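Only one structure is covered here, and it is reproduced in the block below.
The values are calculated or read from the model by the stated rules, or taken from the named source; none is laboratory data. Treat the numbers as computed from the prediction; the structure is a model and nothing was measured. Reconstructed Cβ throughout: ideal geometry from the backbone, glycine too, with neighbour counts over all protein chains shown.
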Ligand code: HEM
């Protein structure tokens, strides 16, 4: 069986190269645009964390909310239809099938996190983990190559969200602000 990391490599590349992600990586996102991304992350984390996490220090909900509040305490970012689709899917999963989505969405933040933290327009609480090694190990120790199918599904959902983020932010004057 192909190792999990290799099995997700092709779609990981696609996700990495999505224009919204490229702009984030280059430090080009405006505050409101980054806030919109955080709002999507919040919904995904809330859905996952309403079911189960292998380690309490993985929990991201409070941290994402802190980052959003730094940008604005009054702005009401929308939850995009593509995010709602992913959330609905997550909420339909058994704990066993949820774990590949934990692997995908939490390791995405851990890896690359130190790099992103420096370039995003907030202090980047989302990328900070207490007991990072222990939290990482809680995922690594249960990870299986059989997770590839679900992890790739999760990447498809993430790619759709990045597509919509780009579409919405490029077609709205509002997101050009601040
Ligand atoms: C700008 C966007 C991104 C960049 C630059 C990036 C970069 C990286 C890097 C450098 C690694 C470590 C690779 C290694 O160990 O050699 C990694 C791992 C990983 N990334 Fe990303 N990534 C991005 C987006 C994403 C997204 C959107 C997801 C999924 C939602 C994701 C999920 C993962 C996962 C699950 C791993 C761990 C793979 C493993 O070791 O099993 N990444 N990423």
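What about residue 54, is it within 16 Å of the ligand (Cβ to nearest atom) and over 27 Å from residue 170 (Cβ atoms)? In short, yes.
Filtering the range 95-106 for residues that are more than 18 Å from the chain's Cα centre (by Cα) and modelled with pLDDT of 95 or more leaves a non-empty set. With the structure loaded, tell me whether residue 3 is in contact (Cβ under 8 Å) with a residue 24 or more places away in the chain, surrounded by fewer than 16 Cβ atoms within 10 Å (Cβ to Cβ), farther than 17 Å from residue 117 by Cα and in contact with a helix residue (DSSP H, G or I) (Cβ under 9 Å, 6 or more places away or on another chain) or whether it fails that test. Against the criterion (in contact (Cβ under 8 Å) with a residue 24 or more places away in the chain, surrounded by fewer than 16 Cβ atoms within 10 Å (Cβ to Cβ), farther than 17 Å from residue 117 by Cα and in contact with a helix residue (DSSP H, G or I) (Cβ under 9 Å, 6 or more places away or on another chain)), residue 3 qualifies.
In the range 88-111, the residue that is surrounded by the fewest Cβ atoms within 10 Å (Cβ to Cβ) out of those that are more than 19 Å from residue 130 (Cβ to Cβ) and within 8 Å of the ligand (Cβ to nearest atom) is 103.
Looking across the range 49-87, just one residue is surrounded by fewer than 16 Cβ atoms within 10 Å (Cβ to Cβ) and within 18 Å of residue 144 (Cβ to Cβ), and that is 52.
Please determine, by comparing only the residues of the range 138-152 that are in a helix (DSSP H, G or I) and touching a residue at least 60 places away in the same chain (Cβ under 8 Å), which one is nearest to the ligand (Cβ to nearest atom). Among residues in the range 138-152 that are in a helix (DSSP H, G or I) and touching a residue at least 60 places away in the same chain (Cβ under 8 Å), the one nearest to the ligand (Cβ to nearest atom) is 151. Checking the range 21-34 against the condition returns no match, with no residue being surrounded by fewer than 18 Cβ atoms within 10 Å (Cβ to Cβ) and within 22 Å of residue 92 (Cβ to Cβ).
A residue that is assigned to a loop (DSSP other than H, G, I, E, B) and within 14 Å of the ligand (Cβ to nearest atom) cannot be found anywhere in the range 66-87. Each residue in the range 154-178 was checked for being free of Cβ contacts under 8 Å to residues at least 40 places away in the same chain and within 30 Å of residue 103 (Cβ to Cβ), and 1 pass.
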